[in-house]
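Chemist: First the structure, which I've put down as structure tokens, then a few questions once you've had a look.
The values are calculated or read from the model by the stated rules, or taken from the named source; none is laboratory data. This structure is a prediction, so every number in the text was calculated from the model and none was measured. Ideal geometry is used to build each Cβ from the backbone, glycine not excepted, and the neighbour counts take in all protein chains shown. Side chains are part of the model used for accessible areas, which takes the heavy atoms of the whole protein and leaves out ligands, DNA and RNA. Shrake-Rupley method; radii C 1.70, N 1.55, O 1.52, S 1.80 Å.
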Amino acid sequence: MLTINVAVLLAVIIVLRLRRRTEARSRFDEKLTVVIVLVFGVLVTPTAVGQGILDVVVQLVQGVSQSGR
């Protein structure tokens, strides 16, 4: 089973990939970054940190949707 350590490694990889200039990225690089971010999200979601982030995002979305009415 995967642990949060793999998620931390993916977070470091994401930060390093996103530090590159946009002009230096190919379409393949962009697609690979998206896949890595999706895998990172799947790994972090079941953890307490992931649930806390999810709760914050849900509250923000609810606040924005209520203010638009």
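Chemist: Report in % the part of the accessible area of the chain that belongs to carbon and sulfur, leaving out ligands and nucleic acids; probe 1.4 Å.
Modeler: Percent of accessible area from carbon and sulfur atoms in the chain: 69.
Chemist: Spin-label point model (7 Å from Cα, Cβ direction): what's the residue 51 to residue 5 distance in nm?
Modeler: Reported label-point gap for residue 51 and residue 5 is 2.4 nm.
Chemist: Follow-up question, since we're still on this one. Let's see if you can work this out: charge +1 on each Lys and Arg Cβ, -1 on each Asp and Glu Cβ, no other charges. What is the dipole magnitude of the chain about its Cα centre, in debye to the nearest 20? Present the calculation step by step, with values, prior to reporting the outcome.
Modeler: Working: 8 positive and 4 negative charges, 59 e Å.
Result for the chain is approximately 280 debye, rounded to the nearest 20.
Chemist: Considering the values [x] 1.10; [y] 1.02; [z] 1.00, which represents Rg/Rh (Cα atoms, Kirkwood Rh) as calculated for the structure under consideration?
Modeler: [x]
Chemist: Any idea what the relative contact order of the chain is, in percent, if you count C-alpha pairs under 8 Å spaced at least 6 apart?
Modeler: About 41 percent, as a whole number.
Chemist: Now, a different point. If packing is taken as the average count of other Cβ atoms within 10 Å, what order do 7-17, 21-31 fall into, highest mean first?
Modeler: Details: 7-17: 13.9, 21-31: 8.7.
Result, highest mean Cβ count within 10 Å first: 7-17, 21-31.
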